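Okay, so here's the structure we're looking at.
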Amino acid sequence: MPDIPQHELDDIAEEREKIFTPDWFKSLFAGRLAPGDTFWLGNYGVGLFVVPTIVMLAFLLAMMAPASMARVLGAVAILFGLYRLAILRALVTASRATPGPKGWRITGIVVTLIEGLALLGFGASLVAG
């Protein structure tokens, strides 16, 4: 395997610095990123920050306000479900704009749709009590 030239490594590092910035999120929601980036980083990369935050919130609620825990976490699930549906829209836009085979893109769209609807349903059931 040949060594990657330094200028290519520099380009990769520069591109990675843009991830999770406000401009990156604008591009994400507009469907201007590649379908793979939209699916993986939009759905699961953001989850690397969201999930630990929710765990800490659940921990604090369990200690300080256990009676309101289900409703608060249900509201958070609804918000994250709405976020997933926004990612779904971006993923559909990015998939349509990108040439090539569509099989994995359709799979990503279906997975994102199912997860978004599941979060909305779960959140609604918790909020309703």
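The values are calculated or read from the model by the stated rules, or taken from the named source; none is laboratory data. Being a predicted model, the structure only gives us computed values, none of them experimental. All Cβ positions, glycine included, derive from the backbone under ideal geometry; neighbour counts span all protein chains shown. Side chains are part of the model used for accessible areas, which takes the heavy atoms of the whole protein and leaves out ligands, DNA and RNA. Shrake-Rupley method; radii C 1.70, N 1.55, O 1.52, S 1.80 Å.
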key: Heavy atoms of VAL51: accessible area, 1.4 Å probe, square angstrom to 10   = 80
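Please compute the net charge surrounding ASP11, taking Lys and Arg as +1 and Asp and Glu as -1 over other residues with Cβ under 12 Å from its Cβ. Before the final figure, lay out each step's value.
Numbers: positive: ARG16, LYS18; negative: GLU8, ASP10, GLU14, GLU15, GLU17.
Charge balance near ASP11 sits at -3.
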ask   = Can you tell which of PHE29, PHE80, PHE20 shows the greatest fluctuation in a Gaussian network model of the chain with Cα springs below 10 Å?
value = PHE20
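Taking the Cβ of THR98 as the centre, find all other residues whose Cβ is under 13 Å away and add up their charges (Lys, Arg: +1; Asp, Glu: -1). Provide the component values of the computation, followed by the final result.
On the way: positive: ARG32, ARG96, LYS102, ARG105; negative: ASP37.
That works out to +3.
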task = Distance between Cα centroids, the stretch 91-113 to the stretch 1-51: provide it in whole Å.
result = 17
key: Of all accessible heavy-atom area on the chain, the percent that carbon and sulfur account for (1.4 Å)   = 72
query = About its Cα centre, how strong a charge dipole does the stretch 1-109 have in debye, to the nearest 20, once Lys and Arg get +1 and Asp and Glu get -1 at the Cβ?
reply = 840
task = Please work out the average accessible area per residue across the chain, using the 1.4 Å probe convention, and give it in Å².
result = 66
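Could you sort 8-16, 64-72, 102-110 so that the peptide with the highest average Cβ count within 10 Å comes first and the rest follow in order?
Details: 8-16: 10.1, 64-72: 12.4, 102-110: 14.3.
For the peptides 8-16, 64-72, 102-110, the packing ranking is 102-110, 64-72, 8-16.
Around GLY31, under 14 Å between beta carbons, what's the net of Lys plus Arg minus Asp minus Glu among the other residues? Write down the numbers at each step before the final one.
On the way: positive: LYS26, ARG32, ARG89, ARG96, ARG105; negative: ASP37.
Around GLY31, the surrounding residues sum to +4.
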ask   = Among ILE109, ALA67, GLY31, whose Cα sits farthest toward the positive end of the charge dipole of the stretch 1-121 (+1 at Cβ of Lys/Arg, -1 at Cβ of Asp/Glu, about the Cα centre)?
value = ALA67
key: Angle in degrees between helix 69-97 and the longest Cα principal axis of the chain, rounded to the nearest 10   = 20
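Figure the gain on full extension for PHE25 and PHE122 (residue separation times 0.36 nm, minus the Cα-Cα span) and round it to one decimal in nm.
Details: separation 97, 0.36 × 97 = 34.92 nm, distance 2.57 nm.
Working it through step by step, the gained length comes to 32.3 nm.
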The stretch 1-94: proportion of alpha-carbon pairs further apart than 15 angstrom, % = 68
remark   = Under the helix-only model (-39500 (n - 2.57) for each DSSP H run of 4 or more, divided by the residues of the chain), the mean residue ellipticity at 222 nm, to 500 deg cm²/dmol, is -25500 deg cm²/dmol
